[in-house]
Amino acid sequence: MMIRWPVTLIAALLTVASTANAGDREARQWLERMSEALATRNYEGRFFHMRDSRREAMRIYHRVDKGKVTERLVSLDGSGREIIRNQSEVVCYLPDRRTVLVEKRTDDSTLLAAVPAYNEELEAHYNIERGPFTKALGRRTQVINVTPRDQFRYGYRLWLDDETAMPLKSQLCDREGNVIEQILFAELNFRDRIPADSLKPSISGEGFRWIRQDVQPQLAAGQVGGWGVIRLPAGFRLTAWRIQLIAGSNVPVQHLVYSDGLASVSVFIEPSDPQAQPMRGLAKVGAAFAFSRALDGHQVTAVGEVPPVTLEAIASSVTKDEAKTAPTPATPVPPQQ
């Protein structure tokens, strides 16, 4: 998704670019090569996804056919979970729950977690540098560090294959460099072609409960259902808005997505249940955090793999605009030194 940036941000980016050294330019080139490899190569492999004290082994199939990308993830931990992403939707098979979840595809990102997609706007909020050459999966790799410039986002460490620029190892890190989540390939094979059958689920789903997270048509340009955020962390802006039905609920939920081009935060707004105790404050959700508050008879929850301060800043700035038009550009939250 292309983002239109204000003149002040463009000026800031030009300033960053003018002072970048050769090493920075090479680091950017590495990330550009990585993004191209992830999008255009046929590959299949096995990797470990680690967060907290949990480790899950998974197999991935990535097929590109006439410019169209299809991916399939298969859990190897015994649950039998499979995720398939095609051009229009993402389907998650959960055989241990005899359930299939289906939702519309809303972006072009890979199913691999903890791997950033590069774009030029990132350097206003992240410092991108090369580290040393080292080894991963027995191959020579270039380490790339993507470090946040403020407290509102996490950073990355990437081990990119010297020959293909594929990420053989990646880590999501906090501002102090502590690892939050990581992916480590144990096996990676490039193919001239991957058979279409490799992208088909091994589970029929017959007799399962199918849950479709239906998305209602988006409003006309400029409308966001009367909700918005009046004060955003610098660099974050509204990139998507929709009304959808969440699994297990018949009440439409408004879903706003804010992104800085790398990190993203989902804001869910739904009518409060008078029979339930409203959620408030911070909660851990896997590798992500969630921050909830009550507002005008609604439950507001911000969720994302970002620092808690970012979620609190965004959730606390949600407001209802009775005019039901897009809010004026949000005032940025200043970073802490």
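All of the numbers you see were taken from the coordinates with simple rules; none came from a lab. It should be emphasised that the depicted structure is a prediction, and the values quoted were computed from it without experimental measurement. Note that we place each Cβ from the backbone using ideal geometry, even for glycine, and neighbour counts take in every protein chain shown.
Some notes on this structure:
- Cα shape, the range 146-210, gyration tensor, a/c 1.5 rule: oblate
- Measuring between alpha carbons in the structure, the pairs from 68/104; 104/200; 200/284 lying more than 23 angstrom apart are 200/284.
- For the range 240-299: relative contact order, % (alpha-carbon pairs under 8 angstrom, 6 or more apart): 23
- Sorting the segments 175-181, 253-259, 192-198 by their mean number of nearby beta carbons within 10 angstrom, highest to lowest, gives 253-259, 175-181, 192-198.
- Aspartates and glutamates with Cα under 14 Å of residue 320, excluding same-chain neighbours fewer than 8 positions away: 270, 296
- Residues whose amide H lies under 5 Å from that of residue 299, counting only those 5 or more places away or on a different chain, are 270, 272; hydrogens are built 1.01 Å from N in the peptide plane.
- With θ taken as phi - 60° and the Karplus curve 6.51 cos²θ - 1.76 cosθ + 1.60 applied, the whole-hertz 3J(HN,Hα) list for the range 174-190 is 7, 5, 8, x, 6, 7, 9, 7, 8, 10, 9, 6, 9, 7, 8, 10, 9 Hz, x standing for glycine and proline.
- 3J(HN,Hα) along the range 314-319: 6, 4, 6, 9, 5, 9 Hz, from the Karplus curve 6.51 cos²θ - 1.76 cosθ + 1.60 with θ = phi - 60°, whole Hz, x for Gly and Pro.
- The range 64-95 and the range 26-52: distance between their alpha carbon centers, rounded to Å: 17
- Cα lying deepest toward the dipole's positive end in the range 130-175, options 138, 151, 166, charges on Cβ: 151
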